[in-house]
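Visitor: Sending over a structure as structure tokens; questions will come in a sec.
The values are calculated or read from the model by the stated rules, or taken from the named source; none is laboratory data. What you see is a predicted model, and the numbers here were worked out from it, not measured in a lab. FYI the Cβ positions are ideal-geometry reconstructions off the backbone, even for glycines, and counts take in every protein chain you see. Each accessible area value is taken on the protein alone, full model and side chains, heavy atoms only, with ligands, DNA and RNA left out. Shrake-Rupley method; radii C 1.70, N 1.55, O 1.52, S 1.80 Å.
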Amino acid sequence: MVKMIDLQQSRNEIDRIDKQIVSLFEERMEIAKDVAAYKIKTGKKVLDKERENEKLRVLQAMASNDFNKHGITELFTQIMSMSRKYQYGLMSAGEQELPLKEIESLHRDKKMKVVCFGVKGSYTEQAMEEYFNTDIECFYAPTFKEIMEVIKIGEADYGVLPIENTSTGGIADIYDLLVEYDNYIIGEHVVKVQQALLGLPEAKLEDIKKVYSHPQALMQCSKFLESHHHMSPIEWLSTSDSAKKVQEDQDITQGAIASVRAAKCYKLKVLKESINHENTNSTRFIIITKKKEFIKNANKISICFELPHESGSLYNMLSHFIYNNLNMTKIESRPLEGHAFEYRFFVDFTGNLKEPSVKNALLGIQEEAIGFRILGNYHMV
Ligand SMILES: O=C(O)C(=O)C[C@]1(C(=O)O)C=C[C@@H](O)C=C1
């Protein structure tokens, strides 16, 4: 018969062992302090993957069964991860230059030049007007890439681009361009997207046979289109460009799905308002600049990084946010060119580059990920 040991007696034993673990952990961390001092002095990286792998191999071999071998690997992976975070904390505590320069507000010393995606009457134009809310000089560029290019060569101070829609998700091309160009996000703005069916001033709802719009807008209004059999949807460059086309063609059978703003801009009639079925339909826009700057009290950071193709690498990277108590608000991934089924991650989280917790997390991610970049620090809407 198995001898029953009193639970309290077992707990007392566990307490005794845990006390030793705590004391050993503290002793180990004290030594990590010396390691950090050495690394600060010599510029050696905190993460030494070879040393960690070797340690895990040796420690695992010391365990007597498979369960314990697995447990020891997990335990020491965590202990070394804590040791790294402790070292990053010591390193980032010193005075160093911020990756972006803090400014009081947008530069308003001269008339700002802003480049806006699309054509007049677009939702992007609305985002631009609402965000800057002041006297600006603006011009339009038809593609996302051209906006990036215009900012890069300094033809405009700021650019406005859509990045995400509540119904259709993130705009993949924008994420890729943020990596390709050395431009930075300095602001964001959200516009509620209310689609309307527009036609020529003399047109009636029954006259409309062809409906032009951006594929995303056609999708947002698919239920309306399905219930109006006499209308055939046709994909076009953008919502505002569809309105422009209807106005230019002067064909009473043509309609466009666009904003009421576009109707005013191209002198069209609003045949039906609010035809999108998702009522909370909104688009988030970003304001980009070439300058490596962020506005004082900015509270959201966007970064991107690549990860080694190995088990737990994303978990390990995200542990920097958890450890530093930072709130991650979004994660996106995009395929890495030339590396089948490998990804670059885009993460948004709340914080300001001057905060110690942010410095600590960014130092860790920068060291442990590949191709790390800060895409911007800005005010969250
Ligand atoms: O040995 C080092 O270089 C350390 O920084 C210590 C340590 C550890 O805690 O064991 C931590 C981080 C390195 O990746 C490897 C090992």
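Visitor: Evaluate the distance, in nm, between pseudo-label points positioned 7 Å from the Cα of GLU235 and of ASP48 along their respective Cα→Cβ axes.
Guide: For the pair GLU235/ASP48, the computed spacing is 5.5 nm.
Visitor: Could you work out the local net charge near TYR184, counting Lys and Arg as +1, Asp and Glu as -1, over the other residues with Cβ closer than 10 Å to its Cβ?
Guide: Net local charge, TYR184 excluded: +2.
Visitor: Pairs to check: LYS44/LYS85; LYS290/LYS330; LYS145/LYS264; LYS204/LYS267. Give those whose C-alpha atoms are more than 26 Å from each other in this structure.
Guide: LYS145/LYS264
Visitor: Trypsin sites (Lys or Arg not before Pro) within region 111-199: which are DSSP loop residues with at most 11 other Cβ atoms inside 10 Å?
Guide: The qualifying sites are LYS111.
Visitor: Further, regarding this structure: Using the Cα centre of region 278-381 as the reference point, and only Cβ charges (+1 on K/R, -1 on D/E), how large is the resulting charge dipole? Debye, rounded to the nearest 20.
Guide: I would put it at about 600 debye.
Visitor: Let me ask something additional. Take the alpha-carbon positions of region 297-381, form their convex hull, and give its projected area averaged over all directions (one quarter of the hull surface) in nm².
Guide: Projected over every direction and averaged, the Cα hull of region 297-381 covers 5.4 nm².
Visitor: Summing -39500 (n - 2.57) over the DSSP H runs of n ≥ 4 in the chain and dividing by its residue number, what mean residue ellipticity at 222 nm do you reach, to the nearest 500 deg cm²/dmol?
Guide: -13000 deg cm²/dmol, from helical runs alone.
Visitor: How large is the accessible surface per residue of region 297-381, computed with a 1.4 Å probe and reported in Å² as a whole number?
Guide: Accessible area per residue: 47 Å².
Visitor: Ordered by residue, what ³J(HN,Hα) values in Hz, to whole numbers, does region 41-51 give under the Karplus form 6.51 cos²θ - 1.76 cosθ + 1.60, where θ = phi - 60° and Gly and Pro are x?
Guide: Ordered by residue, 3J(HN,Hα) equals 5, 8, x, 6, 5, 5, 6, 10, 4, 4, 4 Hz.
Visitor: In the full protein assembly as shown, how much of SER83 is accessible to a 1.4 Å probe, in Å² to the nearest 10?
Guide: 10 Å²
Visitor: Sticking with this structure for a sec: Tell me the label-point distance for the pair ILE21, TYR181, using the 7 Å Cα-to-Cβ offset, in nm and rounded to one decimal.
Guide: According to this spin-label approximation, the distance is 5.2 nm.
Visitor: Next question. Grab the Cα-Cα distance for LYS69 and HIS309, subtract it from 0.36 nm times how many residues apart they are, and report the gain in nm with one decimal.
Guide: Going from the current span to full extension adds 84.1 nm.
Visitor: Okay, next question. Separation of region 36-58 and region 247-310 by C-alpha centroid, Å?
Guide: 47 Å
Visitor: Which whole-number percent gives the relative contact order of region 297-381, counting Cα pairs below 8 Å spaced six or more residues apart?
Guide: Relative contact order here is 50 percent.
Visitor: Also: Could you work out how far helix 356-368 tilts from the main Cα principal axis of the chain, as a 0 to 90 degree angle to the nearest 10?
Guide: Its long axis makes an angle of about 80 degrees.
Visitor: Determine the share of the chain's accessible area contributed by carbon and sulfur atoms, expressed in whole percent, with a 1.4 angstrom probe.
Guide: 55 percent
Visitor: For TYR140, what residues show an amide H to amide H distance below 5 Å, using hydrogens built from the backbone and excluding near sequence neighbours?
Guide: Excluding prolines and chain starts, which carry no amide H, the hits are CYS116.
Visitor: Label LYS101 and LYS210 with points 7 Å out from Cα along Cα→Cβ: what is the distance between them in nm?
Guide: About 5.2 nm separates the two model spin labels.
Visitor: Still on this structure, I have one more. Per residue, how big is the convex hull of the chain when only Cα atoms are used? Give it in Å³.
Guide: Roughly 218 Å³ of hull volume per residue.
Visitor: What FRET efficiency would be calculated for the residue pair ALA61, PHE341, taking the C-beta separation as r and a Förster radius of 25 Å, to the nearest 0.05?
Guide: Once the sixth-power term is evaluated, E becomes 0.15.
Visitor: Two decimals is fine: what is log10 I(q)/I(0) at q = 0.12, 0.15 Å⁻¹ for region 167-239, from a Debye sum with one equal scatterer on every Cα and no solvent?
Guide: The Cα Debye sum returns log10 ratios of -0.49, -0.67.
Visitor: Just to confirm the filter: which GluC sites (Glu not before Pro) across region 1-103 are DSSP coil and have at most 14 other Cβ within 10 angstrom of their Cβ?
Guide: GLU95, GLU97
Visitor: Another question, then. May I ask you to compute the full-extension gain from GLU278 to LYS41, defined as 0.36 nm times their residue separation minus their alpha-carbon distance, rounded to one decimal in nm?
Guide: Contour length minus Cα-Cα distance gives 79.6 nm.
Visitor: Beta carbons within 10 angstrom, averaged per residue: use that to sort the peptides 199-207, 17-25, highest first.
Guide: Going by the mean number of other Cβ atoms within 10 Å, highest first, we get 199-207, 17-25.
Visitor: Taking LYS296 as the anchor, which lysines have their alpha carbon closer than 18 Å to its alpha carbon, excluding any fewer than eight residues away along the same chain?
Guide: Cross-link targets: LYS101, LYS354, LYS359.
Visitor: Taking amide hydrogens as modeled 1.01 Å from N in the peptide plane, which residues meet the under 5 Å criterion relative to VAL190, leaving out close sequence neighbours?
Guide: Those lying under 5 Å, H to H, from VAL190 are PHE285.
Visitor: Per residue, how many Å² of accessible area does region 196-272 show with a 1.4 Å probe?
Guide: Here the per-residue accessible area is 48 Å².
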